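Participant: Got a structure for you, questions after.
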Amino acid sequence: MKQQKKFDSEQQHEHTAEQQTTRNTAREFSTVEELLRYDAARTPAPAAVAERLQKSSAGFPKPARSWWKKLFQR
Amino acid sequence: MNEPLAERECPDQTQTDWASSEFADLYAEHSRAIFYLALRFLSDPQKAEDATHDVFLKAFRKMDQFRGEASWRTWLYRIAINHCRNLQQSWNERHMFSNADEAVWENAVAQVDSPLRVLETKELGERIQKALDTLPAEYRLLLLLIADEQLSYEEVGALTEQSADAVRGKLHRARKAFAAIFKKTE
């Protein structure tokens, strides 16, 4: 009996999660920019780019230090 | 997925140099924006990946030419725009629009004020890409740049070689055209 209750509770939980997912996928954007920002936020650069860049940049001398400092002044 | 490179494991010296470099921080901060611009502008994930790599490598090699007159983001965008435009030209202007196409944008009747509804966010990327692909390249670029909250109208104008007022005027038409096409992709 107790086990059945647990099962019902799990089913209920799954059902709620499903509803939640459905609700989460329906969205409204008031501007085109807002829509694009949302899309951009969930579109990261693939990890492969960083890996390639790491190898490619190894063949070149490091940039002058003074410019690196500027990086942190902005 | 876009974790800071400095936090990654670095099995050899080259990787250690990279991970501890400020360039890795620059990449971590701006790679998403540059990749997104390349992806939606070029409409090809593999080409966007290559373009992002090439843009950052170019930036790495030319860091000493950065004069600090613009932000790093703007500087990287400039490199990315030039790179993407060059690529596009070599692909026979796949997205070049004719006068007939222009008339379509001028006559776009979407209500800019009405919201854009999305029922399935998993297909959102495809719908956005379809709508952007149909737009003239200039409109596409303006929308992508202005969507970046770090850029002002003036900066978008500087990047696209026009005044901020011209950007505002074109954006109004670009938004209308995008909204009209996006709604048809439902």
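Participant: Tell me which of B:Gly68, B:Thr52, B:Leu87 sits at the most positive position along the dipole axis of the stretch B:12-90, charges placed on C-beta atoms (Lys, Arg +1; Asp, Glu -1).
Facilitator: Going by the Cα projections, it comes out as B:Leu87.
Participant: Let me ask something additional. Beyond 19 Å, what share of the Cα-Cα pairs of the stretch B:27-95 remains, rounded to the nearest whole percent?
Facilitator: For the stretch B:27-95, the share of Cα pairs beyond 19 Å comes to 29 percent.
Participant: Which pairs break 26 Å Cα to Cα here: B:Lys130/B:Lys170; B:Lys58/B:Lys170; A:Lys55/B:Lys122; B:Lys62/B:Lys170?
Facilitator: B:Lys58/B:Lys170; A:Lys55/B:Lys122; B:Lys62/B:Lys170
Participant: What dipole magnitude, in Debye to the nearest 20, does the stretch B:12-90 give about its Cα centre under +1 on Lys/Arg Cβ and -1 on Asp/Glu Cβ?
Facilitator: Computed charge dipole of the stretch B:12-90: roughly 460 debye.
Participant: Per-residue HN-Hα couplings for the stretch A:37-49, Karplus 6.51 cos²θ - 1.76 cosθ + 1.60 at θ = phi - 60°, whole Hz, x for Gly and Pro?
Facilitator: After applying 6.51 cos²θ - 1.76 cosθ + 1.60, I find 5, 4, 5, 5, 5, 9, 10, x, 5, x, 4, 4, 5 Hz.
Read the figures in this text as sums done on the coordinates, not as results from a lab. Predicted, not measured: the structure shown is a model, and the values here were computed from it. Quick reminder, even Gly has a Cβ in these numbers, built from the backbone with ideal geometry, and neighbours come from all protein chains shown.
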